[in-house]
Amino acid sequence: MSAPSREFDVEAIRRDFPILDRMLDPDTPMVYLDGGATSQRPRQVIDAEVDYLTRDHAAVKRGAHRMAAAATDAYEGARERVAAFLGAPSPDEVVFTKNATEALNLVAHSLGDGDSSTPDHLRVREGDEILVTEMEHHANLVPWQQLARRSGATLRWIPMAEDFTLDLTDLDLLLTERTKVVALTHQSNVLGTINPLPRLLEAARAIGALTVVDAAQSAPHMPFDLAEIGADFVALSGHKMLGPTGIGVLWGRYEHLAALPPFLTGGSMIEMVHLDHSTFAEPPARFEAGTPPISQAVGLAAATDYLSALGMAQVADHERALTQRALRGLAALDDVRIIGPALAPERTGAVSFDLAGRHPHDVGQVLDSLGIEVRVGHHCAWPLHRRYGLHGTTRASFSVHTTAAEVDALVDGVARTSDFFRSLS
C-alpha cells in the first residue's frame, strides 16, 4: 500500500463531499452517521464517473472502434487500481460484481456447482460441513444456507459470547475433517467487533478448509492487505467505501478462480459457444457475464485512490478516536446500553445501542428530526439480535468526514430523545 499523499485534515476532507452541505430543514444541518449502510462520495469519485461518461463511454471488449478501446482501458485500468489498493498479486484475481452480496453468492454457488473436472477441495457435497459465525450479515449467511440445502452439506456456526465477541471455546470441535468452508466477517456490521482472523484462518487452513472473508465493513476503515489476511476469497462493496452503488469485488486466489465453474452465464464470459455446449473464458472474465458496471468500476477505483491518498492507518486512527468519544458519551447516559465491545482496539466505528423501552425506529425518527441520520432495525443480522434478546438496535457509523462535533451531536441527540420519551410517560 502506498504512503499517504495528503494531510488528514477533516475540514478539508469535508469540503470534498458536496452532499455534506445539505440542509434537512432550513435550520437543520445534516449529520450523516450512516456510512455503514451507504457511504457518501467525494467529488473526486463523482467527477471520475462523470468524466468517463462524458468522454469515454462505450461497451467494453467489444467493437474495433476507438471508443470501445477507451472504455476497455478505463475498465481494466480500474481493475488494476483496485487490485493495488487491496494488495492483490494480480488484477486477474479481481472480479467485479454488483456488490459484496453477489460476490459471496458467486463463491457459494460455484462451490456447489462443480463436476468431475472440478478439484475436490473446490466442491461442497453431502457430508461436508460449512462453518460460519452467529454474527454474520445475511449476505454471508443465507448463501451458505442455500448451498447446504442444495448440496446436503451441514451448516454449523461459531456462537457469540456475552462480551459481543466470538466464543471460540469449542473451535477445535467445530472445525473437523469434514469442514470444507469457513466463511466469516472481518468486522461485524452491528457490533463493530473485529474478528481474530489470523487465529481463525490459520485453524481453518490447518484442516484444509477454504476461507471466505466478508470485508464489506472493514476494507474502508483500516489498513487492508490480502497477503496479510491470507484468505482464499474476500468480498467487499463499493458503496460502503466512498464509491458508487452497483459495484463490488470478489478477490480470489487465481488457482481457485481458474478451477471453479462460472456463476452467471451468457455473453462476455465464454471462450467458445456451440449449439450444445460452451467453454468458458479465463478469470476474471469467466465471472463477469454480460455488460459490466463500467462507470461504477471507474468510480470505485477513484474511491480507492482517494482512501490511499488519505492513508488507511490515518483513517483508522481518526475513526478509532471518534468511536472512543461516542462510546464514552453514550455509556454515560442512563437509559443507553451499548451493543458491542467496550473501548478496545479490536473494534471499529460501528456503534450500536439500545435505548431502554424504546423501539429503534422511534429513536431513529426523533434523531432524524434533529438532523442526525443513523441506521435502525436488525441491520441484516437477525440471528445476532436474537442472540442478545433484541428486536433491533440503533447504529451510528463513522467515516473519514465525521467530526468530533458530530459525535457530540449524536450523544446530545440521544439524551434529548430519552428525555422526550420520558416526558410522554
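The values are calculated or read from the model by the stated rules, or taken from the named source; none is laboratory data. Predicted model only: the values in this text are computed from it and were never measured. Methodologically, a virtual Cβ is constructed for each residue, glycine included, from the backbone with ideal geometry; neighbour enumeration extends over all protein chains shown. Surface areas here come from the heavy atoms of the whole protein model, side chains and all, with no ligands, DNA or RNA. Shrake-Rupley method; radii C 1.70, N 1.55, O 1.52, S 1.80 Å.
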* Kindly check whether there is at least one residue in the stretch 252-263 that is surrounded by fewer than 15 Cβ atoms within 10 Å (Cβ to Cβ) and at pLDDT 95 or above. => yes
* Asked: Going by the conditions given, is Leu53 open to solvent by less than 70 Å² (accessible area, probe 1.4 Å) and modelled with pLDDT of 95 or more?
  -> no
* Structure fact -> Checked against (1) part of a loop (DSSP other than H, G, I, E, B); (2) in contact with a Phe, Trp or Tyr (Cβ under 7 Å, 6 or more places away or on another chain), Asp115 satisfies every condition except (2)
* To do: Considering only the stretch 185-231, state which residues are open to solvent by less than 20 Å² (accessible area, probe 1.4 Å), part of a strand (DSSP E or B) and closer than 24 Å to Arg337 by Cβ.
  => Thr185, Gln187, Thr193
* To do: Would you please list the contacts, defined by Cβ atoms under 6 Å and residues six or more apart or on different chains, that run from a residue in the stretch 311-334 that is farther than 17 Å from Val374 by Cβ and at pLDDT 95 or above to a residue that is part of a helix (DSSP H, G or I) and of a type in the set (Asp, Glu)?
  => none
* Asked: From Arg22, Arg81, which residue is open to solvent by 50 Å² or more (accessible area, probe 1.4 Å) and either farther than 22 Å from Gly252 by Cα or at pLDDT below 95 (or both)?
  -> Arg22
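Condition test on Gly389, is it on the phi > 0 side of the Ramachandran plot, of a type in the set (Gly, Ala, Ser) and in contact with a Pro (Cβ under 7 Å, 6 or more places away or on another chain)? Even if it seems obvious, please write down each step before you answer.
Numbers: on the phi > 0 side of the Ramachandran plot: yes; of a type in the set (Gly, Ala, Ser): yes; in contact with a Pro (Cβ under 7 Å, 6 or more places away or on another chain): no.
It is false that Gly389 is on the phi > 0 side of the Ramachandran plot, of a type in the set (Gly, Ala, Ser) and in contact with a Pro (Cβ under 7 Å, 6 or more places away or on another chain).
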* Asked: Does the stretch 237-246 contain any residue that is surrounded by fewer than 19 Cβ atoms within 10 Å (Cβ to Cβ), out of contact with any helix residue (DSSP H, G or I) (no Cβ under 7 Å at 6 or more places or on another chain), farther than 12 Å from Ala103 by Cβ and not polar (S, T, N, Q)?
  -> no
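Starting from residues that are small (Gly, Ala, Ser) and out of contact with any Leu (no Cβ under 8 Å at 6 or more places or on another chain), keep the ones in the stretch 84-99 and report whichever is surrounded by the most Cβ atoms within 10 Å (Cβ to Cβ). Show your work before the answer.
In the first step, residues of the stretch 84-99 are kept if they are small (Gly, Ala, Ser); the result is 84, 87-88, 90.
Then drop every residue that is not out of contact with any Leu (no Cβ under 8 Å at 6 or more places or on another chain), which leaves 84, 90.
Values: Ala84: 17, Ser90: 13.
Across the stretch 84-99, the extreme among qualifying residues is Ala84.
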* Asked: Name the residues in the stretch 128-147 that are touching a residue at least 24 places away in the same chain (Cβ under 8 Å), part of a helix (DSSP H, G or I) and in contact with a strand residue (DSSP E or B) (Cβ under 8 Å, 6 or more places away or on another chain), would you?
  -> Ala139, Asn140, Trp144, Leu147
* Asked: Can you tell me which residues in the stretch 9-19 are assigned to a loop (DSSP other than H, G, I, E, B) and either open to solvent by 50 Å² or more (accessible area, probe 1.4 Å) or more than 21 Å from Ala350 (Cα to Cα) (or both)?
  -> Asp9, Arg15, Asp16
* Residue check, Arg41 within 17 Å of Ala219 (Cβ to Cβ) and open to solvent by 60 Å² or more (accessible area, probe 1.4 Å) -> yes
* **Count - residues of the stretch 124-143 that are buried (at least 20 other Cβ atoms within 10 Å of the Cβ) and either among the aliphatic types (A, V, I, L, M) or more than 15 Å from Cys380 (Cα to Cα) (or both)** => 9
* Asked: Given the stretch 308-425, what helices (runs of 4 or more DSSP H) lie entirely inside it while holding 3 or more residues that are open to solvent by 30 Å² or more (accessible area, probe 1.4 Å) and farther than 30 Å from Phe8 by Cα?
  -> 360-369, 382-387, 404-424
* Asked: Looking at (1) open to solvent by 40 Å² or more (accessible area, probe 1.4 Å); (2) over 28 Å from Asp115 (Cα atoms); (3) part of a helix (DSSP H, G or I); (4) not basic (Lys, Arg), which is the one condition that is false for Thr304?
  -> (1)
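In the stretch 62-73, is there at least one residue being crowded, with 20+ Cβ neighbours inside 10 Å and closer than 20 Å to Leu250 by Cα?
No, that holds for no residue.
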* To do: Could you grab me the full set of residues in the stretch 148-184 that are assigned to a helix (DSSP H, G or I), more than 14 Å from Ala209 (Cβ to Cβ) and either open to solvent by less than 40 Å² (accessible area, probe 1.4 Å) or among the acidic types (Asp, Glu) (or both)?
  => Ala148, Ser151
